[in-house]
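Peer 1: Right, I'll just put the structure down here and ask away after.
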Amino acid sequence: MSGKKSSDCRRKTQGTQRPVTDLVGSLLCALRVLLRPIIRPRCGRAESFALATVLISQSLLAQSPRLEVIQAMLQRPNDPWPRGKGHVVLAVPGCSEASKAYHEPGGSFSPGFGSLGVSIWITDNDGKIQATSDNIPLDDIHQQMVWQRNRELPAIETGTPHYRALWSFVGDGRWQLSLSVNTNADTKAFLVVRSAGPAGGPVRLLDWHNQQLRINERWSLRLSPIPETVSLGDESVENWKVSGSGLNRYTSAEGWGFARFELRGAKDWTFTIHDNLFPPATPLVYASTLAGLQLNLPDPSFPNSLPV
């Protein structure tokens, strides 16, 4: 390589690296200001750079599931997708992020950050989607918190023209959905477990055994009464919304596995999710999560939503 070419190459490389260097420099300055109280005064540039690298990596990892869903939404615009708004965090006070459940208007649910998504589908007799918990208009949804006897947390009750859903934390790492469906001769109801959800994550392994569905060797899911039809498969397959693999154990390399339960033969259903790895724990001591403040307002949901 000639001297001129080498010089040109160096200048191009330096020009490319300068924005990155400026960005890292700005991040280091910001981190030194924000973290000054918790970093030793003699912490040098190398230590600050390492800290910045860790924090940036964690931020990118936290965003990656969401970015993957956005990319899939662009590739499959006609598939059902989460609302991405109106989240309610339902969790034991002070527990870890992994144990915080997320709920969206309509009743879609994730039992933890980066876990899985549960949604409710209403279809016609051919399987064509008429409505889901992700796309029912907000004006057709009535949502409120309900305090139940001997429960640590309030439940979230959702009413729609198609069903009534009540999500609650029942202790020991278990969440429960009490679902009452309102179908007729022309419609069917399904409970769908998939990667996309209020706080979903990759679903790589599904195993239906002994009337129980295990996902990613972490989550155990049970439905009562026992469903007549359970379909496992991958969302990358064409017509996945009405088809399945025909297998009781399914592996999805890309993390787009799904399970579809047909809710046939009964009106009322109970769906339980158990976290086998991270039962919620908290160092906080509290007597109740019910707000003690009494306010006389037209909308009772406002004082009910206030913290303890």
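Peer 1: Could you tell me which of the residues Glu157, Glu152 is without any contact (Cβ under 8 Å) to a residue 24 or more places away in the chain, surrounded by 15 or more Cβ atoms within 10 Å (Cβ to Cβ) and more than 23 Å from Pro202 (Cα to Cα)? So that I can check it myself, show each step before the final result.
Peer 2: Values: Glu152 fails: without any contact (Cβ under 8 Å) to a residue 24 or more places away in the chain.
The unique qualifying residue is Glu157.
Peer 1: Okay, next question. In segment 142-166, what residues are part of a loop (DSSP other than H, G, I, E, B) and β-branched (Val, Ile, Thr)?
Peer 2: Of all residues in segment 142-166, those part of a loop (DSSP other than H, G, I, E, B) come to 147-154, 160-162.
Scanning segment 142-166 gives a single hit, Thr160.
Peer 1: Can you tell me which residue within segment 84-112, out of those that are in contact with a helix residue (DSSP H, G or I) (Cβ under 9 Å, 6 or more places away or on another chain) and within 13 Å of Ser133 (Cβ to Cβ), is surrounded by the most Cβ atoms within 10 Å (Cβ to Cβ)?
Peer 2: Per the stated criteria, the residue is Gly106.
Peer 1: In this structure, does Ala185 turn out to be buried (at least 21 other Cβ atoms within 10 Å of the Cβ) and out of contact with any Pro (no Cβ under 9 Å at 6 or more places or on another chain)?
Peer 2: Details: buried (at least 21 other Cβ atoms within 10 Å of the Cβ): no; out of contact with any Pro (no Cβ under 9 Å at 6 or more places or on another chain): yes.
Here the answer is no, as Ala185 does not meet what is asked.
Peer 1: Also, quick follow-up: Can you tell me which residues in segment 72-83 are assigned to a loop (DSSP other than H, G, I, E, B) and either open to solvent by 40 Å² or more (accessible area, probe 1.4 Å) or in contact with a Leu (Cβ under 9 Å, 6 or more places away or on another chain) (or both)? Reasoning before the result, please.
Peer 2: Filtering segment 72-83 for residues assigned to a loop (DSSP other than H, G, I, E, B) gives 76-83.
Arg76, Pro77, Asn78, Arg83 - these are the residues of segment 72-83 that are assigned to a loop (DSSP other than H, G, I, E, B) and either open to solvent by 40 Å² or more (accessible area, probe 1.4 Å) or in contact with a Leu (Cβ under 9 Å, 6 or more places away or on another chain) (or both).
Peer 1: Okay, next question. For Ser133, which of the numbered conditions (1) surrounded by 22 or more Cβ atoms within 10 Å (Cβ to Cβ); (2) among the small types (Gly, Ala, Ser); (3) at pLDDT below 95 fails to hold?
Peer 2: (3)
Peer 1: Check off (1) assigned to a strand (DSSP E or B); (2) open to solvent by 20 Å² or more (accessible area, probe 1.4 Å); (3) of a type outside the set (S, T, N, Q) for Phe169 and give me the number that stays unchecked.
Peer 2: (2)
Peer 1: Return the pair list, or none, for Cβ contacts closer than 6 Å from residues in segment 70-91 that are touching a residue at least 24 places away in the same chain (Cβ under 8 Å) to residues that are open to solvent by 30 Å² or more (accessible area, probe 1.4 Å), at least 6 apart or on different chains.
Peer 2: Between residues of segment 70-91 that are touching a residue at least 24 places away in the same chain (Cβ under 8 Å) and residues that are open to solvent by 30 Å² or more (accessible area, probe 1.4 Å), the close pairs are Trp81/Met73; His87/Tyr102; Ala91/Lys100.
The values are calculated or read from the model by the stated rules, or taken from the named source; none is laboratory data. Predicted model, so just to flag it, every value in this text is computed and none were measured. All Cβ positions, even for glycine, are placed from backbone atoms using ideal geometry, and neighbour counts span all protein chains on display. Surface accessibility is based on the protein's heavy atoms, side chains included, excluding ligands, DNA and RNA. Shrake-Rupley method; radii C 1.70, N 1.55, O 1.52, S 1.80 Å.
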